[in-house]
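The values are calculated or read from the model by the stated rules, or taken from the named source; none is laboratory data. All values reported here derive from a predicted model rather than from experimental measurement. Cβ coordinates were reconstructed from backbone atoms using ideal geometry, including for glycine residues, and neighbour counts include every protein chain displayed. Just so you know, the surface numbers come from the protein's heavy atoms only, side chains and all, with ligands and any DNA or RNA stripped out. Shrake-Rupley method; radii C 1.70, N 1.55, O 1.52, S 1.80 Å.
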Amino acid sequence: MTSSTLAPQRPAAHRRSLRGGLPLTRVSGLGLGVAMVWFSLLVLIPLAAVAVAAADGGWAGFWRTVTNDQTAATIRLTVGTALLVTLVNIVMGTLIAWVLVRDRFFGKRALEILIDVPFALPTIVAGLVLLALYGPGSPLGVNIANTRIAVFLAFLFVTLPFIVRTVQPVLAELDPEIEEAAASLGASRFTTFRRIILPSLTPAIAAGAALSFARAVGEYGSLVLLTGNLPMRTEVASVRILSSIENDNLDSAAAVAVVLLAISLAVIVVLDVIQRRVMRRG
Amino acid sequence: MSIEIVNVGKRFGDFVALDDVSVSIPSGRLTALLGPSGGGKSTLLRIIAGLERADTGKVDIEGVDATRLPPQKRNVGFVFQHYAAFKHLTVRRNVAFGLEIRKRPKDEIRGRVDELLALVHLEQFADRLPSQLSGGQRQRMALARALAVEPTVLLLDEPFGALDAKVRKELRDWLRRLHDEVHVTTVFVTHDQEEALEVADEIVVINEGRVEQIGSPDDLYDRPANEFVMRFLGPVTQLGDQLVRPHDLQLSTDPTGIGVLGRVARVTRIGFEIRVDLSTTDGQSVTVTLTRNEFLALGIQVDSEVRVRLAPGSPATTVSAPAARPATPTLAAAG
């Protein structure tokens, strides 16, 4: 029969056709078309428009804008703090996800819901809360208004849920027998975590870290009240973009936007590479 | 004796998984823990491995008191029903895991892993990921991984339970041959009596948290200690107050011969064997299985008058309370 003679070759042929893409049927062709138009309208065209606006002043103009002392300082502060916050989230987010999945304690359901509050809260409300708690009239006696710590704290607040929420379902799905197998082979709990559990969580951690970083880089509402937006000290990139626009300097705003875009893209790519490395090394 | 289990008890809440179990498992043999699902056999295996802690009692492994030892310190190999493969590691890295943990030199690890992969016939799959293997291959990988650390005992929890019938049969034969080569003390859990009878040197029958009988496959089959073992190890039917195997019953058409008189109610052909359902004169239904040739030689059909008796020397147990019997397809319900 033809089926039996073809069978041994099928896996190879199947793999090849998947890599090159399957021929589209009419329905899937239509689906792809709609998806591309949607994606172009919402993402690609606006992004291209920003890039074009940034290029308006020419390369020299672009370079002058982004190397301007005040602008460069906002970019350094924003990206540096976002990276730091992402690192903290990688540790704390994984830890919180672990506690939520593995431990049973009173108030766990409540904590589950509360985790999402920073995400669901309008950012300006978050800003107000932070100002009330850590501003000049702080009931805790902690006044960090107009300092870089305020930027760090606001970033931490709004990016908290990302890694928790990406890691949690993956951790819940992990087969406990895999850890038992590692234990019976002589692996300590720490070794099991580092060599077996962590590699399984890495894609989720990387995805959460990318989201967390991107969110921090663009954050505005939650920090604008508490940081005081002092040039060269606590002013972040999003505030700088807004003030450029208010001064009718669209080219300058677009140039900063393009730099943030490029850095975010680079961070996402780097996270992906790291994730693949860790997965393979085990 | 390699593994001594003394008065071990284990509860999960109100459920008694093991009730004062004592078993000695001999060195270098292949022992099966056989019993119905939920009978406590997996719990016993996990207690030996240290994956579960006994509430009471004591576990010795090769003369060492292992009762309080964590699994890492017991030097046991454990194979799970669902393979428990390390999904992100290649077959080679999976097998090497235990050796890498022990920080053995790289060359030694490579040599040992090559040896094991050859033993489980996975040499050409060394660089694949577990997801690229079939179930049978994954289980062989898991076995190589467990053997890599040269365990004192090898424990297998329903190792073939997730595989289809044909692969299961192949792996079963293969495990037997492997054990004849490696000679590591091996304990495996199964609910399949055929698997236990075919593979094991020694069988421990466990039911409702208690040991029903310990013995060789022949002992268990020919000299069942009680009704449960008799029923669990093979098909049974009832003749008078005796529980017997349907193929141990003999039929004759001689009306003056010995045996219980009955009438053929139904004849069913199942492949090479013929099942004859009889109704005795005192209203009892009895099932007899014959080969096709025996059946043809008798020349009987539905409504024929026959005499039925137990072949001399065949195992039989006395039925205790009729109400306690579970219904099985091969059991002819008494009137």
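Within the listed set A:S212, A:S28, A:S188, the Gaussian network model of chain A (springs between alpha-carbon atoms below 10 Å) gives the highest mean-square fluctuation for A:S28. Two tests apply to each whole DSSP H helix in chain A, Cα reach of 18 Å or more along its axis and mean Kyte-Doolittle hydropathy of at least 0.0, and the ones passing both are A:26-39, A:69-102, A:148-173, A:198-217, A:250-281.
For the options B:G77, B:G299, B:G240, a Gaussian network treatment of chain B with springs between C-alpha atoms closer than 10 Å singles out B:G299 as fluctuating the most. Solvent-accessible surface of the protein assembly as shown, taken per residue with a 1.4 Å probe and all protein chains present: 51 Å².
Contact order for chain A, expressed relative to its length and based on alpha carbon pairs under 8 Å spaced 6+ residues apart, stands at 28 percent. Surface listing: B:H88, B:H247 arranged by accessible area from highest to lowest gives B:H247, B:H88, probe 1.4 Å.
From other protein chains only, count the Cβ atoms within 10 Å of every residue's Cβ in A:184-196, then give the mean.
Averaged over the peptide's residues, the number is 6.
Could you report the accessible area of B:D14 in Å², rounded to 10, computed with a 1.4 Å probe on the protein chains as they sit in the structure? About 150 Å², rounded to the nearest 10. Mean sequence separation of contacting Cα pairs (under 8 Å, at least six apart), scaled by the length of the range B:246-313, corresponds to a relative contact order of 47 percent.
All other residues whose Cβ lies under 12 angstrom from that of B:R266 are scored, Lys and Arg at +1 and Asp and Glu at -1, for a net of +1.
Compared with the rule-of-thumb size 2.2 N^0.38 Å for a compact globular protein, the range B:246-313 has a Cα radius of gyration ratio of 0.99. Give the calculated FRET efficiency between B:T268 and B:N7 to the nearest 0.05, with a Förster radius of 51 Å applied to their Cβ-Cβ distance. For B:T268 and B:N7, the calculated efficiency is 0.60. Based on the Kirkwood approach, the hydrodynamic radius assigned to the range B:168-249 is 14.0 Å, with every pair of different Cα atoms included. Computed extension gain for A:V99 through A:D116, at 0.36 nm per residue and net of the alpha carbon distance, reaches 4.6 nm. Over all distinct Cα-Cα pairs of the protein assembly as shown, the Kirkwood formula returns a hydrodynamic radius of 30.8 Å.
Ignoring ligands, DNA and RNA, please state the percent of accessible area on chain A from carbon and sulfur, probe 1.4 Å. Write out the running numbers ahead of the final one.
Working: 11130 of 16090 Å².
Summing carbon and sulfur atoms, their accessible area is 69 percent of the total for chain A.
The length gained on full extension between B:A162 and B:L119, counted as 0.36 nm times the residue separation minus their Cα-Cα distance, comes to 13.3 nm.
Inter-chain neighbour count for B:141-148: the average number of beta-carbon atoms from partner chains within 10 Å of each residue's beta-carbon is 1. Over chain B, what is the relative contact order in percent, taking alpha-carbon pairs closer than 8 angstrom and at least six residues apart? Rounded, it is 17 percent for chain B. In this rough spin-label picture, where each label sits 7 Å from Cα along the Cβ direction, the A:K108-A:L24 distance is 4.7 nm. For the pair A and B, the buried accessible area comes to roughly 1900 Å² in total, with a 1.4 Å probe and the value rounded to the nearest 100. Amide H to amide H distances under 5 Å link B:G57 with B:G9, where only residues 5 or more positions off or on other chains count and H is placed in the peptide plane. Relative to the current alpha-carbon distance between B:K106 and B:R128, full extension at 0.36 nm per residue lengthens the span by 5.9 nm.
When B:L154, B:L197 are compared by accessible surface with a 1.4 Å probe, the order from highest to lowest is B:L197, B:L154.
Report the residues of the range B:42-57 in range of a label on B:D20: point 7 Å along Cα→C-beta, backbone N strictly under 13 Å from it. Backbone N within reach: B:57. Here the range B:216-241 and the range A:56-104 have alpha carbon centers that stand 73 Å from each other. Overall shape of chain A was characterised from the C-alpha gyration tensor. The equivalent ellipsoid obtained from it has semi-axes of 40, 31, 17 Å, in decreasing order. Volume of the convex hull of chain B (Cα atoms only), normalised per residue: 154 Å³. Mean per-residue shielding of peptide B:85-91 is 6, counting Cβ atoms of other chains within 10 Å of each Cβ.
Cross-link check: pairs B:K106/B:K169; B:K10/B:K73; B:K10/B:K166; B:K58/B:K87; B:K10/B:K169 evaluated at a Cα-Cα cut-off of 25 Å; pairs beyond the cut-off: B:K106/B:K169; B:K10/B:K166; B:K58/B:K87; B:K10/B:K169.
Under 5 Å from the amide H of B:A17 lie the amide H atoms of B:K10, B:R11, B:F12, each residue being 5 or more positions distant or on a separate chain, with H modelled from the backbone and absent for Pro and chain starts. Could you work out how far helix B:135-148 tilts from the main Cα principal axis of chain B, as a 0 to 90 degree angle to the nearest 10? In chain B, helix B:135-148 runs at an angle near 50 degrees to the longest axis. Between the amide H of A:E235 and those of A:L230, distances stay under 5 Å, these residues lying 5 or more places away or on another chain, with hydrogens modeled in the peptide plane.
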